[in-house]
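The values are calculated or read from the model by the stated rules, or taken from the named source; none is laboratory data. Note that this is a predicted model, so its numbers are computed, not measured. Heads up, the Cβs are rebuilt from the backbone with ideal geometry, glycines too, and the neighbour counts pull from every protein chain shown. Heavy atoms of the whole protein, side chains included, go into the accessibility calculation; ligands, DNA and RNA do not. Shrake-Rupley method; radii C 1.70, N 1.55, O 1.52, S 1.80 Å.
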Amino acid sequence: MAVINFITQEGEKISVEGTSGSIMELATSVGIAGLDGDCGGVCSCATCHVYVNETYRKIVGEAEKIEKEMLEFDELAKENSRLSCQIEISEKLDGIELIVARE
Amino acid sequence: MLIGTGNKALSIHLSTDIAMKDSLFQDTFEEARKQKGIGQMNDQDDPIVMVLRHKDVRKCAFNWKGFKSEAKPGRIVVPSEVNIRDTRQIPFEIDPPNHTAYRKVLESWFKRPLQEEYKNSLSAIISELLDEQLKQEATEVISELSLPLQSKALTLLLNTSMEEAETWISWGVHVFRSEATALDKDKANILYDYIEKEIDRAIEKPGKDLYSVLLNTELEGRKLSREEVKGILVLTFAGGRDTVINFLTNSLSYFAEKPKMLDWLRKDPSIIGKATEELVRYFSPLTHIGRVSTSDTAVCGHEVKSDSRISLCWASANRDETVFENPNEVILDRKVNPHVAFGFSHHKCLGATHARQIMKEFLRILPRKVSKIEILEAEENIEEWGDFKRKVGFEKLNVKLYSQQG
């Protein structure tokens, strides 16, 4: 189990416990604002864009090619951007802070 | 074989016992995409460079400053609608920063399909239509299932009475096209007149429908104008009509010829989300959409003059072999699927949430109620874009639906 902390663009912090599946699935199951996951996690829409806090960037790891190419065309993308549909929940992520990129 | 001419869609009648490939949608762009990366076509003396590769399509879609949508109303649609309308479709024919402001005020309404109550209503519409057709000896899918489903579902998006759907069904599949011509001004006027009357009705007696909500919507400190409200509604009616109808009809043809895939959905509904994305990639109901170049430039090494048109060919990008493994196969549980069937970047489809819910609910209910689909007769709808001929759906698809219970 891992506690995933989402910080919305409104500045609200929402902590959710997850055990499996992707971060996007966890977020949409509780309705985190700005994190829609329109395509259901197949890396087609970029509506699950998050920024990973520095401490966890290495643990989360680098994006794969297709995800990187998707982010390349997102004007909100930064160095610590990831699509949360491509991050699987694991105990290693316990305590992670993810800032939701969109309002 | 029936072959049309000019702009009219080409119809080829295939006997199913010869072909047995009604669910096959070939990639007509493959060679051009690999060799040159572009295609060319003329459209009412306003030529178009068709952008075919996935990366180029996304790059041009993202580059709204270089390739604008805010051209003369109707010009970014292919075939161009400049001769049949003056109303600007909003936010589709607007660029940032104004586009961003419109999207912001519209998005919450267009996300309503995610609500449980909305899904339940959609589910009831689909169930009722399938139950009705399961009692019939034969079903003409477009007129008796896909069009009624699309129209009834639209009443949910507009939050209007279900009875309105009967009027929309009577208009047929296209709102700007008729049997006789690809662009029909008289037919388009039917839609405009209808919307004008509904706006009058909403002004006189406001309700909870989209017309009333838009008339009361504020954008940067002012109310939306009547023309803006009309532009948003025209887009809502036109954008999701033949696209949704083609998705539903084409999907039925697929499950008719791939019954094991229907079994798979029945046994494992967890793949429905991925199956929806994969079928929409494969069928790509909207072939392409235009943009107007704002300067002399080049796409894929090909010269593009200022104020000339390019088109973003979603259908070609969705079969790009450098992005999709086995692009011409339907892999229902395809895990990574960066398709562009709903557009890309700023102008991604505003109605995509609604369309996806229809598709997902349809794929959830169909295998529960239907055990087998038999194609009795199929008449393909082949679009002509310059030298490219692309099957986008069917003119007619007669099937027999067999009940899951019996």
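Report the far tail of the P(r) of chain B, meaning the percent of Cα-Cα pairs longer than 27 Å. Of all Cα-Cα pairs in chain B, 50 percent lie more than 27 Å apart. With distances taken between every two different alpha-carbon atoms, segment A:2-100 has a Kirkwood hydrodynamic radius of 13.2 Å.
Nearest-5 percent of antiparallel DSSP beta bridges in chain B? Let's see the in-between values first.
Working: 36 of 40 bridges.
Bridges in chain B that DSSP calls antiparallel: roughly 90 percent.
Per residue of peptide A:65-75, the mean number of Cβ atoms on other chains within 10 Å of the residue Cβ is 3. Between B:E377 and B:E166, the modelled labels are 2.8 nm apart [label points 7 Å from Cα along Cα→Cβ]. In the calculated pair distance distribution of the protein assembly as shown, what percentage of Cα-Cα distances lie above 28 Å? Pairs farther apart than 28 Å: 55 percent.
Just from its helices, what would the mean residue ellipticity at 222 nm be for chain B, if runs of 4 or more DSSP H residues each count -39500 (n - 2.57) and the sum is divided by every residue, rounded to the nearest 500 deg cm²/dmol? Taken over chain B, the calculation gives -12500 deg cm²/dmol. Taking a ≥ b ≥ c as the square roots of the eigenvalues of the Cα gyration tensor, an a/c ratio of 1.5 or more together with a/b larger than b/c marks segment B:205-296 as prolate.
Simple spin-label estimate for B:K400 and B:A101 gives 6.0 nm between the two label positions (7 Å along the Cα-to-Cβ direction from each Cα).
For segment B:105-112, backbone phi angles converted through the Karplus equation (6.51, -1.76, 1.60; θ = phi - 60°) give residue-by-residue couplings of 7, 8, 4, 5, 5, 7, 9, 4 Hz, Gly and Pro being listed as x. Sorting B:T276, B:T243, A:T19, A:T28 by accessible area puts them as A:T19, A:T28, B:T243, B:T276; the probe is 1.4 Å, largest comes first, and only protein heavy atoms count.
Segment B:262-406 has equivalent-ellipsoid semi-axes of 34, 18, 14 Å, by the square roots of 5 times the alpha carbon gyration tensor eigenvalues, sorted largest first. Restricting attention to segment A:2-100, the count of lysine pairs at 8 or more positions apart or across chains with alpha carbons under 22 Å apart stands at 7.
Among B:G240, B:G74, B:G301, the largest mean-square fluctuation in a Gaussian network model of chain B, built with springs joining Cα atoms closer than 10 Å, belongs to B:G301. Taking loop as defined by DSSP and a crowding limit of 14 other beta carbons within 10 Å, which trypsin sites (Lys or Arg not before Pro) in segment B:118-174 fit? Within segment B:118-174, the qualifying trypsin sites (Lys or Arg not before Pro) (loop, at most 14 other Cβ atoms within 10 Å) are B:K135.
Determine the alpha carbon to alpha carbon distance for each of B:K119/B:K152; B:K111/B:K208; B:K59/B:K230; B:K369/B:K400; B:K258/B:K369 and list only those over 20 Å. Present the calculation step by step, with values, prior to reporting the outcome.
Working: B:K119/B:K152 13 Å; B:K111/B:K208 16 Å; B:K59/B:K230 31 Å; B:K369/B:K400 13 Å; B:K258/B:K369 16 Å.
In this structure, B:K59/B:K230 lie more than 20 Å apart at Cα.
Peptide A:39-52 is shielded by partner chain Cβ atoms: per residue, an average of 5 of them sit within 10 Å of its Cβ.
At a 1.4 Å probe, what is the % contribution of carbon and sulfur to the accessible area of chain B? Using a 1.4 Å probe with all protein chains present, chain B comes out at 49 percent carbon and sulfur. Working note: 222 nm ellipticity from helices only, DSSP H runs with n ≥ 4, each -39,500 (n - 2.57), summed and divided by the residues of chain A, gives -6000 deg cm²/dmol to the nearest 500.
For segment B:265-322, what does the alpha-carbon gyration tensor say about shape, rounded, prolate or oblate, given a ≥ b ≥ c as the root eigenvalues, a/c under 1.5 as rounded, and a/b over b/c as prolate? Show your work: numbers first, answer last.
Details: a/c = 4.93, a/b = 3.24, b/c = 1.52.
It comes out prolate by the Cα gyration axes.
Here's the list of lysines a cross-link from B:K205 could span, going by alpha-carbon distance under 16 Å and ignoring same-chain residues fewer than 8 apart: B:K197.
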